[in-house]
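Structure first, then comments.
Here, each number is a calculation from the coordinates, and none is a lab measurement. Because the structure is predicted, anything quoted here is derived from the model rather than measured. Note: ideal-geometry Cβ built from the backbone for every residue, glycine included; neighbour counts use all protein chains shown.
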Amino acid sequence: MTTPLFQLEGVAAGYPGQPVLRGVDLSLAPGERLALLGDNGAGKSTLLLAMTGFVPITAGRLTAFGALRHSEADFRAVRARAGLVFQESEDQLFCPTVLEDVAFGPRNLGHSRTEALAIAQATLQRLGLDELAPRISQNLSGGQKRLVALATVLAMAPEVLLLDEPTTGLDAAAHARLCSLLETLPQAMVIASHDMDFVARFATSAVLLKDGRSHAATLHVHEFKRRQAHLHLHGETANAAGHSHRYDMVSPKPRN
């Protein structure tokens, strides 16, 4: 039987005077892509932070990579093998350039500066982001920041990716590029997201957080028809079918 990468049993966690999670059971197997669903404030981000030791666990058991985790030293070892991509990309980008941001993780793992910069350059090249290497991270677009934040984690060669609302704020082009990158990755993933189309595309299993507790769930995709608004640009030359060029505008999905 395959040992889970993460195993949570009755985990409670939160902040001083503010309990958030009251009993979470969760298991992540190698290669699994687990969707973490729930309303705003349900505790999705808190759970990802607890899994990496940034928020203290007050009850229950958390096993990661075959060992019980309690102390900060335990979780330093976890963070070397499970990469958390924060919801706000700026939380991970603080060096003068993109290349240095991506090299930061390998440096923390003990690589020399020369080695870390080589790893960072290779990671950016593999992701098709090498043209961003000399750029100032804070001057990038939102979509570019999200991709570079992912690169900072991948440079550490993690076994697990923890993705907190990875598609928030992305335009169509950045969304498509992120999806293309993620499809090439072999890591197990926990994906906290409200983007149900994205979740349906990537997730192989799901857990719902509600009232501080976890509930096993199954993802279903149903075909349905809906009205779709689109624009016809004034002054465009009609095509062979007699229609001017149009831009489709899909109505935004309601957020939970």
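A few notes on this one:
- Loop GluC sites (Glu not before Pro), region 66-144 (other Cβ atoms within 10 Å of the site Cβ: 16 or fewer; DSSP): 88
- Farthest positive-ward along the chain dipole, Cα basis, beta-carbon charges - from 138, 119, 208: 208
- For region 89-165, the relative contact order comes to 43 percent (Cα pairs under 8 Å, sequence separation of at least 6).
- Using the rule -39500 (n - 2.57) for each DSSP H run of four or more residues, divided by the residues of the chain, the 222 nm mean residue ellipticity is -8500 deg cm²/dmol.
- Loop sites in region 82-182: chymotrypsin sites (Phe, Trp or Tyr not before Pro), DSSP, at most 15 other Cβ within 10 Å: 94
- Placing R0 at 25 angstrom, the Cβ-Cβ distance between residue 71 and residue 159 gives a FRET efficiency of 0.75 after rounding to 0.05.
- Working from Cα pairs under 8 Å separated by at least six residues, relative contact order for the chain is 24 percent.
- Rounded, prolate or oblate (a/c below 1.5 giving rounded, otherwise prolate when a/b exceeds b/c) for the chain by Cα gyration tensor: oblate
- Over region 5-76, relative contact order from alpha-carbon pairs under 8 Å, at least 6 apart, %: 40 percent
- The H on the amide N of residue 213, modeled in the peptide plane, is under 5 Å from the matching H of 22, each at least 5 residues off or on a different chain.
- For the chain, the dipole from Cβ point charges (+1 on Lys and Arg, -1 on Asp and Glu) about the Cα centre works out to 320 debye, to the nearest 20.
- Only Lys, Arg, Asp and Glu carry charge here, each on its Cβ (+1 for the first two, -1 for the last two); on that basis region 1-111 has a dipole of about 320 debye about its Cα centre.
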